[in-house]
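These notes concern the structure reproduced below.
Quick note: the coordinates plus some simple rules give every number you see, no bench work behind them. Source: prediction; values computed, not measured. For neighbour counting, all protein chains shown are included, and Cβ atoms are generated from backbone atoms with ideal geometry for every residue, glycine included.
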Amino acid sequence: KHSVNRPPTPDAAEDQGNEPTLQEIINIKLIESGEKERLMELLRERLIECGWKDEMKALCRSYVKKKGRNNVTVDDLVHLITPKGRVYAASVPDSVKAELLQRIRSFLMSAAL
């Protein structure tokens, strides 16, 4: 008896092309181990320390003040700060980038990937 709610099981030959990429495997391992959340928290701390978060907050406040509180949506703010955030990301100190990269490398070595 076939279930209406269950998709058909793919044939083994069809499934071979759906192997996860190395990037996907690494992402899964980072999530499963909890390391991804620890890295995100470290990045948040470092972005606060170097003033990046304050710069983004100041951009948002300035925009809201200019447009008026009732005339701004979250989407407006996201569209405003996304390109600027990328530019400011280039100003994140190299030491912060190096620290994160070292943590990722250490994780990969310990996970034997």
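For the reader, a short list of remarks on this structure follows.
- Charge dipole (debye, nearest 20) of the range 22-113; +1 at Cβ of Lys and Arg, -1 at Cβ of Asp and Glu: 460
- A straight Cα-to-Cα reach below 25 Å connects Lys53 with the lysines Lys36, Lys65, Lys66, Lys67, Lys84, Lys97, residues fewer than 8 places away in its own chain not being considered.
- Unit charges at the beta carbon, dipole of the range 31-113: most positive-side option, Val96, Val72, Gly51: Val72
- Long-range tail of P(r) for the range 51-112 (Cα pairs > 15 Å, %): 61
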